[in-house]
Amino acid sequence: MEDLGRVFDRVADTYDAGRPAYPDEVFRALSEVSGIDLDGATAIDVGAGTGILTRALRARGSQVIAVDAGAEMLARLVARAAEEEGVPGLAAVLADGNALPLADGVADLVTYAQSWHWLDPVASIAEARRVLRPEGSIVGCWNFNHAAAADWLAAYEARLAEEVPAYCGPAVEQWSVPPIAAAFEVVEERWIPWTRLIGIEDLLLDLRSHSYMAALSLEAADDLVDRQRAELRAEFPEGLLSVPMRVYLAVGR
Ligand SMILES: C[S@@+](CC[C@H](N)C(=O)[O-])C[C@H]1O[C@@H](n2cnc3c(N)ncnc32)[C@H](O)[C@@H]1O
């Protein structure tokens, strides 16, 4: 339990500041595919982190039980929720998503946003099935830079692949989405494209929040961020980026 999520606890502030939210289309697709109205649904958001998906579900009327193994990540989620005065319906639980401290059959949705690949692929899904109501759904989603959609982004990812030993992403030839769909019954998968408009410094904050960056020494991470900044500034002197993104969404039982 102590080791779980530790890597993200080290970058909780940059994660909170730098990572993108999920576009509206993800929630429309989730409701359509699962047949579950988010307004009034009970969701268990496993690996909730600083609460990016948790907040989006709550904003759409869901009651959310946010579960995460990282105390620092969960503390950001709770602090943000405290700022949202008058928005009820949140429980935050410091726990292992492979052994949920929750009763059977309590949820309409179990969600894993950028998180299922950190869990045990068998135990996590068994737990999700246990805590779901009979008509409930399991949801996995991941936000990716769509590197193939822009030369500058492909070059940005290629520099990461060259310089970061633990890099995992679209610049790796054998890279693929986490195989959550293989763990499901009744699966529908969708790719949802969207565009993220951000400044260069915000993209660099996002970069620093990745686990493969947290594995570098501070000096090596700073050098890499400086190099990426120089390349991006040379290409986009006005400092603004239009980043092609896509969300992989898998919904099953
Ligand atoms: C990449 S973050 C995703 C955060 C958030 N869901 C989002 O969409 O940005 C992965 C999260 O999974 C958590 N995590 C990793 N292993 C876990 C486990 N076994 N049980 C619960 N949470 C875990 C980490 O602490 C981290 O907060």
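A short reminder: the numbers here are calculations on the coordinates, not readings from a lab. Here the structure is a predicted model, which is why all the values come from computation and not from measurement. Because the Cβ atoms are built from the backbone with ideal geometry, glycine has one as well, and the counts that use them run over all protein chains shown.
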Subject >> Space enclosed by the convex hull of the alpha-carbon atoms of segment 33-165, per residue, Å³ >> reply: 144
**OP:** Can you tell me the dipole magnitude for the chain around its Cα centre, using point charges on the Cβ only (Lys, Arg +1; Asp, Glu -1), in Debye to the nearest 20?
**Re:** 420
**OP:** Per DSSP H run of at least 4 residues, take -39500 (n - 2.57); add these up for the chain, divide by its residues and hand me the 222 nm value, nearest 500 deg cm²/dmol.
**Re:** -11500 deg cm²/dmol
Original post:
Which angle from 0 to 90°, rounded to the nearest 10, does the C-alpha axis of helix 24-34 make with the longest principal axis of the chain?
Top reply: 40
Subject >> Likely footprinting exposure, Ile192, Ile138, fewest C-beta neighbours within 10 Å first >> reply: Ile192, Ile138
**OP:** Count the net charge of all other residues whose Cβ sits under 14 Å from the Cβ of Ser124, scoring Lys and Arg as +1 and Asp and Glu as -1.
**Re:** -3
**OP:** Name the shape class, rounded, prolate or oblate, that the alpha-carbon gyration tensor gives for segment 164-253, where a ≥ b ≥ c are the square roots of its eigenvalues, rounded holds for a/c under 1.5, and otherwise prolate holds if a/b is larger than b/c and oblate otherwise.
**Re:** oblate
Original post:
Taking the Cα atoms only, what angle lies between the long axis of helix 151-163 and the longest principal axis of the chain, rounded to 10 degrees?
Top reply: 90
**OP:** Label the chain by shape, choosing from rounded, prolate and oblate, from the square roots a ≥ b ≥ c of the eigenvalues of the Cα gyration tensor; if a/c is under 1.5 it is rounded, and otherwise prolate applies when a/b is larger than b/c, oblate when it is not.
**Re:** prolate
Original post:
Expressed in nm², what is the orientationally averaged projection area of the convex hull enclosing the Cα positions of segment 52-111?
Top reply: 4.1
Original post:
Roughly how many whole Å is it from the C-alpha centroid of segment 100-176 to that of segment 217-248?
Top reply: 23
